[in-house]
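Quick note: the coordinates plus some simple rules give every number you see, no bench work behind them. None of these values were measured; they are calculated from a predicted model. Here the Cβ positions follow ideal geometry from the backbone for every residue, glycine too, while neighbour counts run over all protein chains shown.
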Amino acid sequence: MELIATAFNWSLFGIALVGGLTFAVLAAVRPRPGLFWFAAGALGIAIIAAAGLTVAAPQPLAPMIGAMGLALAVFGGGPAATTALRLAMGGSATPGLHGGILVLDTSVPPTPGLAAPRREVLRGGLTIGVLERLASAGTIIAGFPEGLAIVVAVKGVGRFTELEAPEARERFIIGTLASLVWACAAGLAVHLALH
């Protein structure tokens with residue numbers, strides 16, 4: 001009976017991990033909210049199945065499971081942050097040309113009769129997000145959750161000068177938390193399966 005339960009949990013975990021990764025990649029490539037929610041559901045099933053495992057992953061499968069978990073963390077975190085920002089803020093921020101948002105530039109005095117000067121902040125979020133999720137999931141998979149503090153500190157220090165505008169602070173906090181939660185959930189699923 002225990003053998004059947006273990007086989008069922010491993011099968012469910014594998015299907016959910018592959019399904020979650022597939023939907024996360026699709027959500028990243030073709031941004032549609034439904035694809036993200038399917039990826040989130042599959043990730044939840046993978047965590048539940050991994051929590052029920054009583055036997056760790058066979059050694060030859062461990063690198064593949066780890067790589068799939070990291071890929072799931074990286075690809076799904078962007079749609080997770082986008083979905084969280086859309087739910088929390090709608091379209092309240094004007095997008096910039098380089099992936100950031102436009103905010104009032106308080107360093108330039110306003111000119112009467114002209115629109116207030118604006119500047120783009122939070123540029124390069126895609127690259128920073130990928131690295132953040134890779135590092136976050138990696139620390140969870142490796143069993144070193146303290147590494148999350150380092151990731152958050154580095155990101156906060158790197159973005160500190162851009163967070164003077166309230167809309168930038170809100171986007172930074174919401175996007176970062178959504179991305180980190182997603183990456184940690186993907187890392188947790190793999191950590192449970194490997195240990």
Describe numerically, in nm with one decimal, the distance between label points set 7 Å from Cα along Cα→Cβ at V130 and at I173. 2.9
Chain lengthening between A153 and R86 when straightened (0.36 nm per residue, less Cα-Cα): 21.6 nm
Length gained if H195 through R30 is fully extended, taking 0.36 nm per residue and subtracting the Cα-Cα distance, is 56.0 nm
